[in-house]
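J.: One structure coming up, written as C-alpha cells, with questions to follow.
The values are calculated or read from the model by the stated rules, or taken from the named source; none is laboratory data. Note that the structure is a prediction, hence the values are computed from the model and not measured. Positions of Cβ are backbone-derived with ideal geometry, glycine not excepted, and every protein chain shown enters the neighbour counts.
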Amino acid sequence: SVTLMWFEQDLRLSDNPALSAALAQVNVLPIFILDEKNCDNLKLGGASRVWLYESLSQLNTQLNGALNLYLGDAETIIENISQRFNITNVFWNRRYEPWRISRDTKIKKKCSDLGIHAKSFNGTLLNEPWTILKADRTPYKVFSPYHRQCIKKGLKLNAVSAPKVPSSLVRDAQSTSLDCLPLQPSQPWGASLLSHWQPCEQGAHSILRSFLENGLEGYQENRDFPAVQSVSRLSPHLHFGEVSPRQICQELSAMPESQSKEGFMRELYWREFSYYLLFHWPSLPSQNFQPSFDHFPWLNKADQIGRWQKGLTGFPIIDAGMRELWQTGYMHNRVRMITASFLVKNLMVDWRIGAKWFWDCLVDADLANNSASWQWVAGCGTDAAPYFRIFNPVTQSEKFDPKGLYIKQYLPELKALPIKYLFRPWEAPEDVLAMAQVSLGDTYPKPMVDLKASRERALLAYKNIS
Ligand code: FAD
C-alpha cells in the first residue's frame, strides 16, 4: 500500500503535520499539483510563478529528487494516481481559498467512495478559523477582540523538526518535469527578482534567524520606515509554507519580552485574521464587505492605472514603491498602504484592479492578506481604515522616509534633488531642478493629479454613498 503526500503551500519538511503523518507509513509518494483548472480567475501571478519554480526545485532536492509533479485538475490527477498505485491514504495540509475548500471537499468525498483514507491537517495557521468565535458563536469582524480571544486561547508551541527523508520514496514515471510546468517567465525577469531572495525552507530559516538577531529589537519603532531594514521579509516564505507560523512563534518565544516582540506577534495575528475573514466571508476577494461601496462611482481610467503600475505618477514615494514592487516582487507595508490609498482614493480606481496588479507582481501575493488589506485601505472592509482618512503621499514620505533614502534607492533620477524638494519636485525652482539634472515631464513626470482636488473629489463621492 502507498500513502500520497500532497504538497501545496507547505513546501517544507519541518513542522509539516501532513508529511509527518505520511512518513509514519511505509511507502510514501510525494506529489505537487499545479491546479489551474479549478481556480477560475485566480491563476498564479507572474512573480509567484518565479518563486514557486525555485521553491519546488529546492524541495525536490530535499526529497532526494522524488517529488512527483503534475499539471491539471487535482481531483482527476489524484484519482488517476490512485488507480495506478495501491493508494490507501492521502494526506495534505489544509488551505483556505474558497476554490480550494470546495475542490478539496470533493476530493475527500471521492477518496471515501474509493475506500481511501483522506486526511487534511493544519500546517498554515496558529488557530483554525472556526475555533475563534464570539460568545454568540458568530465570527468576529473586528481585529482587536479577535486578537484578544487568540491571546486568551494561548499557543501550543510544539513545532517538530525535519524528519529523516527515507530513500524509499515512491516515484511515478508519469510525473512531469519542473520545466514542463508553466512557471518560467516569458521575459528574463525572474533572475533579477530572485537576486533578492532565497526561496526554500533553508532560505526561510536564515531570514528568520537574521531578523531575530538584527531586526526584532527595533521592530516596533522602525517597522514603518521603508529605508530601515527592520521588517522580517518573511511574507513570501510564509505564503509558500517554507516556514510555519508556529515555527516562527517558537523561535520568537526564546527572545526576551519586549514591545517589539509583541508588535511582531500582532502582525502574525493580522495574517491569521485575514485568513479568518476569508474563511468566514469567502467573497472577500471579489465583493465589497460593505455593500454601500457597490455604488461607488469608480473612474478606472486606463491611462492613469498604467502610470500607477509603472511608477510614473510624479509622486516620488508612490513611484519608488511601485518600482520596488516591480524590481523585487516586494513592497514595504507602509508603502503598500500609501500606493493603494493613492490608487483608490486620489485616482478613484476600484480596489480590485489594484489587488490584481499586486497579485501579479508580489512574490508574497496571498489571497487572504491581499484581499483583506485592499478592502482595509479602500475603506470597504470589515474593520477598515475610514474612507475619509486619505494618505497624503508628501506628508507620508516626510514622516516615514525623512532622509529620502528609500525614494533615492528606487528613483535614481531624483538622487541629486535637495531633500527640501525630493518629496514634491514640482515645487522646486527651475535652477534647482537644472542643478539636479531633473527635467519635469522629461526625466521625471509632473504630478498626474492635484492632491487637494482629487482628495475632495473622493470625499464627495464617499459622502454620496454613505
Ligand atoms: P513583517 O512586518 O515582518 O510581518 C511579519 C508577517 O506578519 C508578515 O510576513 C505577514 O505574514 C504578517 N503581516 C504583516 N503585516 C500584515 C498585514 N498588514 N496584514 C496581514 N498580515 C501581515 N501581505 C501578504 O503576505 N501578501 C499580500 O498579498 C499582501 N498584500 C497587501 C496589500 C496591501 C494593499 C497592503 C496594505 C498590505 C498587504 N499585505 C500583504 C500585508 C503586508 O504588507 C505584508 O504582509 C508585509 O509587508 C510583509 O512584509 P514582512 O514579511 O517584512 O512583514
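J.: List pairs: first residue in the range 100-119 and modelled with pLDDT of 95 or more, second residue of a type in the set (Phe, Trp, Tyr) and surrounded by 12 or more Cβ atoms within 10 Å (Cβ to Cβ) anywhere in the structure, Cβ distance under 6 angstrom, at least six positions apart or on different chains.
T.: Listed pairs, sorted by first residue: Lys119/Phe91.
J.: Related question: Identify all residues within the range 345-368 that are in a helix (DSSP H, G or I) and either touching a Pro at 6+ places or on another chain (Cβ under 9 Å) or within 9 Å of the ligand (Cβ to nearest atom) (or both); write none if there are none. So that I can check it myself, show each step before the final result.
T.: Pass one, the range 345-368, residues in a helix (DSSP H, G or I): 345-346, 351-361, 367-368.
Listed by number, the residues that qualify are Asn346, Trp351, Arg352, Gly354, Ala355, Phe358, Trp359, Leu367, Ala368.
J.: Checking the condition in contact (Cβ under 8 Å) with a residue 12 or more places away in the chain, hydroxyl-bearing (Ser, Thr, Tyr), closer than 19 Å to Tyr462 by Cα and assigned to a helix (DSSP H, G or I), which residue from Ser371, Ser341, Ser397 passes?
T.: Exactly one residue qualifies, and that residue is Ser341.
Here is a yes/no grid of residues against (1) within 16 Å of the ligand (Cβ to nearest atom); (2) surrounded by 13 or more Cβ atoms within 10 Å (Cβ to Cβ):
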| site | (1), (2) |
| --- | --- |
| Cys150 | yes, yes |
| Lys153 | no, no |
| Asn158 | no, no |
| Ser175 | no, yes |
| Leu183 | no, yes |
| Phe225 | yes, yes |
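Yes or no, residue by residue, for (1) surrounded by 21 or more Cβ atoms within 10 Å (Cβ to Cβ); (2) at pLDDT below 95; (3) touching a helix residue (DSSP H, G or I) at 6+ places or on another chain (Cβ under 9 Å):
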residue	(1), (2), (3)
His332	yes, no, yes
Met337	no, no, yes
Ala340	yes, no, yes
Leu347	yes, no, yes
Trp351	yes, no, yes
Lys356	no, no, no
Gly381	yes, yes, yes
Ala384	no, yes, yes
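J.: Here's something else I'd like to know. Going by the structure shown, is Met435 among the aliphatic types (A, V, I, L, M) and within 16 Å of the ligand (Cβ to nearest atom)?
T.: Values: among the aliphatic types (A, V, I, L, M): yes; within 16 Å of the ligand (Cβ to nearest atom): no.
No: the conditions fail for Met435.
J.: Next up: Yes or no: the range 168-186 includes at least one residue that is touching a Ser or Thr at 6+ places or on another chain (Cβ under 9 Å), touching a residue at least 60 places away in the same chain (Cβ under 8 Å), part of a helix (DSSP H, G or I) and closer than 30 Å to Trp6 by Cβ.
T.: Within the range 168-186, one or more residues are touching a Ser or Thr at 6+ places or on another chain (Cβ under 9 Å), touching a residue at least 60 places away in the same chain (Cβ under 8 Å), part of a helix (DSSP H, G or I) and closer than 30 Å to Trp6 by Cβ.
J.: Counting only residues that are under 12 Å from the mean Cα position of the chain (by Cα) and under 18 Å from Arg49 (Cβ atoms), how many does the range 357-393 have?
T.: The total comes to 11.
J.: Would you check if Gly311 is buried (at least 21 other Cβ atoms within 10 Å of the Cβ), within 16 Å of the ligand (Cβ to nearest atom) and not aliphatic (A, V, I, L, M)? It would help to see each step written out before you state the result.
T.: On the way: buried (at least 21 other Cβ atoms within 10 Å of the Cβ): yes; within 16 Å of the ligand (Cβ to nearest atom): yes; not aliphatic (A, V, I, L, M): yes.
Yes.
J.: Name the residues in the range 270-306 that are surrounded by fewer than 19 Cβ atoms within 10 Å (Cβ to Cβ) and assigned to a helix (DSSP H, G or I), would you? Walk me through how you get there before you give the answer.
T.: Quick first cut of the range 270-306, residues surrounded by fewer than 19 Cβ atoms within 10 Å (Cβ to Cβ) only: 270, 280, 282-283, 286-287, 290-292, 294-295, 297-306.
Across the range 270-306, the qualifying residues are Trp270, His280, Pro291, Ser292, Asp294, His295, Ala302, Asp303, Gln304, Ile305, Gly306.
J.: Right, another one. Would a scan of the range 403-423 turn up a residue that is part of a helix (DSSP H, G or I), over 18 Å from Ala227 (Cα atoms), more than 16 Å from the ligand (Cβ to nearest atom) and in contact with a strand residue (DSSP E or B) (Cβ under 7 Å, 6 or more places away or on another chain)?
T.: no
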